[in-house]
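The block underneath contains the structure these notes are about, expressed in structure tokens.
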Amino acid sequence: MPSPLRPRLAAVLALSLGVFLAVTALAVRPASAASTLNQLAQAQGRYFGSATDNPELSDTPYTEILGSSEFGAITPGNSMKWDATEPSQGQFSFAGGDAVVNFAKAHNQIVRGHTLLWHNQLPGWLTSGNWTAAQLTSILQNHIANVAGHYKGQVYSWDVVNEPFNDDGTYRSDLWYNTLGTGYIATALKAARAADPNAKLYINDYNIDGLGAKSDAMYNLVKSLKAQGVPIDGVGFQGHLAIQYSFPTDMAGNLQRFADLGVDVAITELDVRMVLPADATKVATQAEYYTNVVKACLTVPRCVGITIWDYTDKYSWIPGVFSGQGSALPWDENLNKKPDVYGAISTALGGSGGGGGGGTTSCRVAYSANDWGTGFTAAITITNGSSAISGWTLKYSYAGNQTLSQGWSGTWSQSGKDVTVTNASWNGTLPAGASTSVGANFTYTGTNTAPTAFTLNGTACT
């Protein structure tokens, strides 16, 4: 385990205008005092962050969580990209990016700038031009000088170049590569260093999380850039994962080989999608993937932090791009923590797990069964503890072969002997001391022993 706050990271942050923000965000807290995801990450010498976008900043319940101690870093999803910052040639607009930066400043969070150079979201004036190599180089350098220069001292890092490779490890055929060859990457990095000497400079890509052709290509690029003396400080591993595909091969080892080149590594856009609807088995796999990512980062001393690509399904990009998929993030569409997923991340970071809408203490569960020999009706009354909750999940297990056939007043699911009940739309909010009742029919053979242990939002109930 590395020392909690690496001197190199602290030194770079201290050089920036945002030193107060960065030091606050990355300050080490005793593990016993840590409870939120970022506090737990701080105790490990890292940050835990979220992406966001400007329309979301008008959603007050959303921003209350985004600006809380759950997150120590913010990444603007779109407002620093080329079409937003230079919509007309030589005419720059920073209002959207400034709004995100100002939000981060107000909440003592660092900012990951995203992104100076990408093949996508380019304005029409740029993509329709018939540029010579000299002209396009000048345009690229001018854009970076203005955008990175505007945010000089205000961002911790820049994703300078985003997604330069195809999945087979060849260079992406786009405006930049087709006109300038591979040299556009070094040009962009040098321009970014000149514009903001103290910002960390990253190359960022997806499907490089594990060993493979694409990560090999990225590794060889970074190795070559380092050998040429081109400024590069880190590699961003996006981490857009899906449970229907296997987990990336040897993620920790892959991160470490990049770190061995003398660069930082970061998980920059993490989410874990699934084919809907969600069920207990899918959620368990999803929680395992989140756990694996966090543990891989903690294994590598130069893995500086983890950013999820927004924190809530309410604003996830997944459903709009992958039809029939979603439920990818630790908070649901109602801004409630998902106990299994949030708890898995918390536990992997060294916490006690748990989660759920607002937490609960001293909850009580009354269980009874109307048994007719081959089946029974289970009646459960949940009484909330001393803290109001918005969204709840009840879990318990049977000792025999009881099999769920029908449930009501909540969403019921079963995986093996484990039963999970989440709230219905009308009974999710429980004030302190309030109760709600749910029920279900089960079939069984043999004996029907009543369950004795229940958890509500990850907390054991009496």
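Taking Lys and Arg as +1 and Asp and Glu as -1, the other residues whose beta-carbon sits under 15 Å from that of residue 270 total -4.
In order along segment 249-261, the Karplus-derived 3J(HN,Hα) couplings, from 6.51 cos²θ - 1.76 cosθ + 1.60 at θ = phi - 60°, round to 5, 6, 4, 4, x, 5, 4, 5, 5, 5, 4, 5, 7 Hz, and Gly and Pro are given as x. Surface analysis of the chain yields an accessible area of 38 Å² per residue, using protein heavy atoms and a 1.4 Å probe. Backbone geometry of segment 437-449 corresponds, through the Karplus equation with coefficients 6.51, -1.76 and 1.60 at θ = phi - 60°, to 3J(HN,Hα) couplings of 10, 10, x, 7, 9, 10, 10, 6, 10, x, 9, 10, 7 Hz, x marking Gly and Pro. Here residue 184 sits with roughly 10 square angstrom of accessible surface, probe radius 1.4 Å.
Here the convex hull built on the C-alpha positions of the chain has a volume of 144 cubic angstrom per residue.
Cβ under 15 Å from residue 452's Cβ, residue 452 left aside: what net charge do those residues give with Lys, Arg +1 and Asp, Glu -1? Result for the local shell: +2. Between helix 213-228 and the chain there is an angle of about 40 degrees, using the helix long axis and the longest principal axis of the Cα atoms. Could you grab the relative contact order for the chain? Cα pairs under 8 Å, six or more apart, rounded to a whole percent. Relative contact order of the chain: 11 percent.
Just the number, please: percent antiparallel of the DSSP beta bridges in the chain, rounded to the nearest 5. Of all bridge pairs located within the chain, approximately 60 percent are antiparallel.
Taking Cα pairs under 8 Å and at least six residues apart, what relative contact order does segment 386-461 come out at, in percent? Relative CO of segment 386-461 lands at 43 percent. Each residue of segment 122-127 was assigned a 3J(HN,Hα) from its phi angle through the Karplus expression (A = 6.51, B = -1.76, C = 1.60, θ = phi - 60°), giving 9, x, x, 4, 7, 6 Hz with x at Gly and Pro.
To the nearest 10 degrees, how steeply does helix 339-348 sit against the main Cα axis of the chain, on a 0 to 90 scale? Tilt relative to the chain: about 60 degrees. Could you please state, rounded to a whole Å, how far the C-alpha centre of segment 379-401 is from the C-alpha centre of segment 255-308? A separation of 30 Å, based on Cα centres. Shape of segment 302-350 from the C-alpha gyration tensor: oblate (a/c of 1.5 or more and a/b not above b/c, with a ≥ b ≥ c the square roots of its eigenvalues). With all protein chains in place and a 1.4 Å probe, the accessible surface of the chain carries 52 percent carbon and sulfur. Note on segment 156-239: antiparallel DSSP beta bridges, both residues inside, total approximately 10 percent of the bridges counted.
The values are calculated or read from the model by the stated rules, or taken from the named source; none is laboratory data. Quick caveat, the model's predicted, so the values are computed rather than measured. As a convention, Cβ positions derive from the backbone with ideal geometry for all residues, glycine included, and neighbour counts pool all protein chains shown. Note: areas computed on protein heavy atoms with side chains; ligands, DNA, RNA excluded. Shrake-Rupley method; radii C 1.70, N 1.55, O 1.52, S 1.80 Å.
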